[in-house]
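The values are calculated or read from the model by the stated rules, or taken from the named source; none is laboratory data. What you are looking at is a predicted structure, and each value in this text was computed from that prediction instead of being measured. We place every Cβ from the backbone using ideal geometry, glycine too, and count neighbours over all the protein chains shown. These accessible areas exclude ligands, DNA and RNA; they are computed on the full protein's heavy atoms, side chains included. Shrake-Rupley method; radii C 1.70, N 1.55, O 1.52, S 1.80 Å.
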Amino acid sequence: MYAYIILFGILGLVFGSFLNVLIYRIPKGESIVFPSSHCQNCKKPLKWWHNIPLFSYLFLGGKCFYCKEKISTQYPLIEVASSFIFISTYIKTSSLYEGILLGVIFDLLLALSIIDFRYKEVPDSLSLTALTLSVFSGNILLSLNNTLLFAGGFTLLRFYVSYFAKKEALGEADIIIAAIIGAILGIKLGFFAIFFSAVLALPVFLFIEKKDIQIPFIPFLTLSLYIVYIFSTQFKQLISWIYE
Ligand SMILES: [Zn+2]
């Protein structure tokens, strides 16, 4: 058990390091393979020991080895968050396969949230990968069924909300995230997660609305999905209590 937790912690750090590459390069339309990792300031390629997740950042004191330019704290923060995600999905599933699969899905959703927050649009390459993987997170036919149901339901909801709001509400990417929620959580918990995401977003929207800043919705959908997934047992109890 503990050996696996450490293994998942390390896997999370390594995948988090890859996530940084995705977050940094995909919105700019750059290749995620070439060129190899380099300093953003002096462009010198990094040696392997400059590139160890988290530890290199600490070892180098958060600065480039060559030009001493500060390295963004986003790098170690994403790596630690990813490690935390992988450990939590392993503890939740107690399964090597499911733990890794869900870890990768939530990591991709984390990348999507950050990209959405920064650029106000999300790359389909990441959202569709996450959606495809999420169909394999449980019984495939059932997951596929719920995926289509949530994608369709959310599309209709988008028409209604846009009609009453008299402007385009909910992005196309939100529909893909809703489909992922359906695949992973199923119908009852999935509906609850979408409701819960609105509850999470409401105070932020009310606060920011006055300042006229656009707030992306994907981070809230993602956060809600993660919380409801990790505490699904508790939320199931809550839901059955509400229904009865
Ligand atoms: Zn440098």
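Numbers below:
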quantity: Across Lys44/Lys120; Lys120/Lys167; Lys43/Lys120; Lys44/Lys68, pairs whose alpha-carbon gap is larger than 20 Å; calculated: Lys44/Lys120; Lys43/Lys120
quantity: Heavy-atom accessible area per residue - the chain, 1.4 Å, Å²; calculated: 58 Å²
quantity: Ile6 versus Trp49: modelled label distance in nm, points set 7 Å from Cα along the beta carbon direction; calculated: 2.2 nm
quantity: Accessible area in the full protein assembly, largest first, 1.4 Å probe, for Trp241, Trp49; calculated: Trp241, Trp49
quantity: Sequence-distant residues sharing a close amide H with Lys63 (under 5 Å, placed H); calculated: Ile71
quantity: Accessible surface ranking that places the most exposed of Arg158, Arg118, Arg25 first, with a 1.4 angstrom probe; calculated: Arg118, Arg158, Arg25
quantity: Accessible area of Asp124 in the full protein assembly, 1.4 Å probe (Å², nearest 10); calculated: 90 Å²
quantity: Fraction of accessible area attributable to carbon and sulfur, region 143-204 (%, probe 1.4 Å); calculated: 74 percent
quantity: Amide N proximity, region 55-98 versus Cys42 label position 7 Å along Cα-to-Cβ, cut-off under 13 Å; calculated: 63-71
quantity: Average projected area [Cα convex hull, the chain], square nanometres; calculated: 15.6 nm²
quantity: Using θ = phi - 60° and Karplus 6.51 cos²θ - 1.76 cosθ + 1.60, couplings along region 132-137 (whole Hz; Gly, Pro as x); calculated: 4, 4, 5, 5, 8, 7
quantity: Extension gain from Phe191 to Thr132, taking 0.36 nm per residue of separation minus the Cα-Cα distance; calculated: 19.2 nm
quantity: For His38, residues with placed amide H under 5 Å, excluding near neighbours; calculated: Leu46
quantity: Between helix 74-93 and the chain: long-axis angle, C-alpha atoms, 0 to 90°, nearest 10; calculated: 50 degrees
quantity: Solvent-accessible area of Phe18 with every protein chain in place, 1.4 Å probe, in Å² to the nearest 10; calculated: 80 Å²
quantity: Per-residue SASA entry for Val33, accessible area with 1.4 Å probe, Å² rounded to 10; calculated: 90 Å²
quantity: Förster radius 22 Å - calculated FRET efficiency between Phe117 and Lys167, Cβ distance, rounded to 0.05; calculated: 0.60
quantity: For Leu54, residues with placed amide H under 5 Å, excluding near neighbours; calculated: none
quantity: Extension gain (nm, one decimal) between Leu58 and Glu30, 0.36 nm per residue minus Cα-Cα; calculated: 7.3 nm
quantity: Sequence-separation-based contact order of the chain, relative, with Cα cut under 8 Å and 6+ spacing, percent; calculated: 17 percent
quantity: Leading residue at positive end of dipole, the chain (Cβ point charges), from Leu77, Ser240, Met1; calculated: Leu77
quantity: Unit charges at the beta carbon, dipole of region 101-176: most positive-side option, Phe154, Val122, Ser137; calculated: Phe154
quantity: Cα-centred dipole magnitude for region 123-244, charges only on beta-carbon of K, R (+1) and D, E (-1), debye, nearest 20; calculated: 180 debye
quantity: Principal axis dimensions, region 123-244 - Cα atoms, whole angstrom, descending; calculated: 43, 35, 24
quantity: Extension gain from Leu157 to Val21, taking 0.36 nm per residue of separation minus the Cα-Cα distance; calculated: 45.5 nm
quantity: Spin-label model distance (nm) - Ile227 vs Val204, 7 Å beyond Cα toward Cβ; calculated: 1.1 nm
quantity: About the Cα centre, charge dipole magnitude for region 1-152 (Lys/Arg +1, Asp/Glu -1 at Cβ), debye; calculated: 640 debye
